[in-house]
Amino acid sequence: MVQKYVYGTPFETEAVTARIDGAKGAPIYGEVSLDDGFCFICALGEDDVVYGLGEANRGINKRGFCYVSDCTDTPHHTEDLRSFYGAHNFIVVSGSRTFGLFVDYPSKLTFDIGFTCMDKLSITCERADLYLYVIDGETPYDIVKQFRRMIGRSYIPPKFAFGFGQSRWGYRTKEDFREVAGGYRKNHIPIDMIYMDIDYMEDYKDFTLNEENFADFPAFVREMKEQQIRLIPIIDAGVKIEEGYEVYEEGVKNGYFCKREDGSDFVAAVWPGYTHFPDVLNPEARRWFGDKYKLLTDQGIEGFWNDMNEPAIFYTPEGVKETGRKVQEFFKDPEGDISKMEVDALVEGLANNKKDYASFYHRVNGQRVRHDKVHNLFGYNMTRAAGEAFERIDPEKRFLMFSRSSYVGMHRYGGIWMGDNMSWWSHILLNLRMLPSLNMCGFLYTGADLGGFNADASRDLLLRWMAFGVFTPLMRNHSAMGTRDQECFRFEHVEDFRHIVEVRYRLLPYLYSEYMKAALEDDMYAKPLAFVYPRDAHAGQVEDQLMLGDEIMIAPVYTQNAKGRYVYLPEEMKFVKFMPDGSICQETLPAGHHYVDIALNEVPLFIRKGKCIPVTEAAEYVEALDTTDMEMIGYPGSTYILYEDDGIHKDYDNPANRKILKA
Ligand code: GLC
């Protein structure tokens, strides 16, 4: 049961697609105060667990910290971080009372979940203009399913997007891409995609190509496709200011960019230098920006990643002017009124500055809306621009699309990646913990930069991270310019990497099938153990294992030098290991705690009692996978319903897509 409470005059975010009538009275689970903005407060029982918040820091159980929904370009995913790139305002409180809350509010919102007071949950924001949805249900899982029905079907990528992808910031020329493609193909490590970061463009101008490096781009796209590799270019939010650049000129002429208070186009520096932001909240401008993707789809491109769409701002002319004045003052008189510390803070504060976000406007339904009041909707609407355009470009076809910034509602148009993480062991765990929380909010197609974006990856870190990445729908190795080369074939004993990626492909029919069922049934692909074993008190505390699909549990190794790990089994399961020689070991383990050995080049998983999964032969790309006669592993006599389609079109409800397989 869902109750919808309306406060003030909410902005229509279109996060919720279901029609839900407004409820009368006040929500029963907490106190709402409208004295100073909006505040919802409720007591937390000692053993209550709080799930949700999508892309957020810390645990699967969100208790004990303060999280702020405020989409931010944040390069340091340290433990104290309160805001990531997305805003996913859905939580479920589970315990003495079990209920879900979704706060549909497009600006900064704070969830203090037992941080200030251990036994209190508070949700606060500056303006009392929002929808609060309160969801009742038997279990957290049941509440999530109701929420997912409210917000509409999750994005479904093409099947090739479940293959492995290689990315790096710094690939510049056709030769760079050929080297990566060759490195994988020569070493027979499966791959389906190579990502193009900003250097493919002409001076970082969206929808352009560096003509010198990419002359006859369609032929190059074909050349890669002949090797069964798709190129996936990045698109950034800011449009470079440059006379003669078509996108810039059209945007200015038609008033499609965000404006300053005086009506001039707002200016912010990002990779290209000074840019304008397309006003993607304005349906007309959104349509115009979305149609630009066609410039690349016409050349054979079938997928994109949208970046810098919080939107990230390095600095603005106004900010530079003001800061410059103060910095000069300091240099003139270091012993004067301005301290070095203030100067440091001022320079650092040039980026993503609140003042800048409060100085530009969108045009929505004829009304001017100040950006900071709808800040969390920018990435959502940039990706929506693309998603809506794909429907016009080819309504029958699925395109790959994922974004950095997001809000609930964007899950209908694309997935997300988890942004600029580090080559740190703790970030494997952070990656694992975000997965179910994101699934709760509808984001099923997701994954992190495997191996870590910033800092240097060690061989063992990459192997362990990839062995976990086998199970994330988006499986992409990406790294930053200036860091150690991180492509699998650059490391010693390439065969270990080949083996791990091959396991992904061997499991792909199963993983794809479970993804599709989750998307089509508004369900989760990755779940906390407690969602499947609600009566098992210990399962509720497990923060480093996940249930995946209906059949398996995963428990990756995320500690350096470990030769295995402790694992908790809520019931008897088959412990399965994919061995480097291609064989599959299976051992039945009783419920309880176990230590299991897992070597660096093995991929473990657990099959639930009475279940089985299909495994196919490895192939070097998705299209070459043969699913006609798959091996079934797990419990003999059990059955599995395989969902399979062409992976290209949208004929999801065809009964022929489901068949029963028997172990
Ligand atoms: C941002 C993205 C990163 C990308 C870089 C350069 O930091 O998060 O993935 O490589 O920009 O485009």
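Amide H to amide H distances under 5 Å link residue 195 with 166, 167, 168, 232, where only residues 5 or more positions off or on other chains count and H is placed in the peptide plane. What does a probe at residue 188 reach in segment 567-592, counting residues whose amide N is under 19 Å from the point 7 Å along Cα→Cβ? The answer is 578-584. Taking a ≥ b ≥ c as the square roots of the Cα gyration tensor eigenvalues, with a/c under 1.5 meaning rounded and otherwise prolate when a/b beats b/c, else oblate, which class fits segment 324-447? Oblate, because a/c is 1.5 or more while a/b does not exceed b/c.
Antiparallel as a % of all DSSP beta bridges within the chain, to the nearest 5?
75 percent
In µm²/s, what is D for segment 566-651 at 10 °C and 1.306 mPa s, where D = kT/(6 pi eta Rh) by Stokes-Einstein and Rh is the Kirkwood radius from Cα pairs? Reported coefficient: 107 µm²/s. Separation of segment 30-69 and segment 111-142, taken as the distance between their Cα centroids, equals 5 angstrom.
Can you bin segment 125-263 into rounded, prolate or oblate? Criterion: square roots of the alpha carbon gyration tensor eigenvalues sorted a ≥ b ≥ c, rounded for a/c under 1.5, prolate for a/b above b/c, oblate for the rest. Oblate, since a/c reaches 1.5 and b/c is not below a/b. Around the amide H of residue 422, modelled in the peptide plane, lie the amide H atoms of 453, 454, all under 5 Å away and 5 or more residues distant in sequence or on another chain. Taken as Cα centroids, segment 343-383 and segment 433-485 sit 29 Å apart, rounded to the nearest whole angstrom. Our summary of shape: the Cα atoms of the chain have principal axis extents of 73, 64, 56 Å, ordered from largest down, in whole angstrom. If R0 equals 51 Å, the separation of the Cβ atoms of residue 153 and residue 337 corresponds to a calculated FRET efficiency of about 0.30.
Sort 316, 323, 559 by Cβ crowding within 10 Å, fewest neighbours at the top.
Exposure proxy ranking, most exposed first: 559, 323, 316.
A simple packing score, the average count of other Cβ atoms within 10 Å per residue, orders the peptides 251-259, 413-421 as 413-421, 251-259, with the highest score first.
What is segment 1-138's relative contact order, in percent, from Cα pairs under 8 angstrom and six or more apart in sequence? Could the numbers behind the result be given before it?
On the way: 308 pairs, mean separation 46.1, N = 138.
So the answer I get is 33 percent.
A full extension of the chain between residue 656 and residue 32 corresponds to an added length of 219.6 nm, given 0.36 nm per residue minus the alpha carbon distance.
Exposure proxy ranking for 39, 117, based on other Cβ atoms within 10 angstrom of each Cβ and starting from the fewest, stands as 117, 39. For segment 494-521, the residues whose backbone nitrogen is under 19 Å from a point 7 Å from the Cα of residue 623, taken along Cα to Cβ, are 505-506, 508-509. Only helices enter this figure: runs of n ≥ 4 DSSP H residues, each worth -39500 (n - 2.57), summed and divided by the residues of the chain, yield -7500 deg cm²/dmol at 222 nm to the nearest 500. If I model a spin label at residue 212 and residue 79 as a point 7 Å from the Cα along the Cα→Cβ vector, what separation in nanometres do I get? Modelled inter-label distance: 4.8 nm. For segment 201-336, the C-alpha radius of gyration divided by 2.2 N^0.38 Å, with N the number of residues, is 1.31.
For the chain, complete DSSP H runs whose alpha carbons reach 30 Å or more along their own long axis and whose mean Kyte-Doolittle score is -1.0 or higher are 494-520.
Phi angles across segment 36-48 convert, under the Karplus curve 6.51 cos²θ - 1.76 cosθ + 1.60 with θ = phi - 60°, into 3J(HN,Hα) values of 9, x, 10, 8, 10, 10, 8, 7, 10, x, 3, 9, 5 Hz, Gly and Pro given as x.
Computed from the C-beta positions of residue 250 and residue 572, the FRET efficiency with R₀ = 51 Å rounds to 0.20. Summary of packing: across the peptides 13-25, 612-624, the per-residue average of other C-beta atoms within 10 Å ranks them, highest first, as 612-624, 13-25. Across the cross-link table entries 108/354; 253/373; 108/527; 517/577; 577/609, which are compared at the Cα atoms, the separations over 19 Å belong to 253/373; 108/527; 517/577.
Residue separation of residue 426 and residue 583 scaled by 0.36 nm, minus their Cα-Cα distance, works out to 53.5 nm of gained length.
Overall form of segment 298-394: prolate. Here a/c, set by the Cα gyration tensor axes a ≥ b ≥ c, is 1.5 or more, and a/b is the larger of a/b and b/c.
Using a 10 Å cut-off around each Cβ, can you sort 195, 361 from fewest to most neighbouring Cβ atoms? Could you put the intermediate results ahead of the total?
Values: 195 24, 361 21.
Exposure proxy ranking, most exposed first: 361, 195.
Since every read-out is calculated from the coordinates, none of them should be taken as a lab result. What you see is a predicted model; the values in this text were computed from it and never measured. Cβ atoms come from the backbone with ideal geometry, glycine included; neighbour counts cover every protein chain shown.
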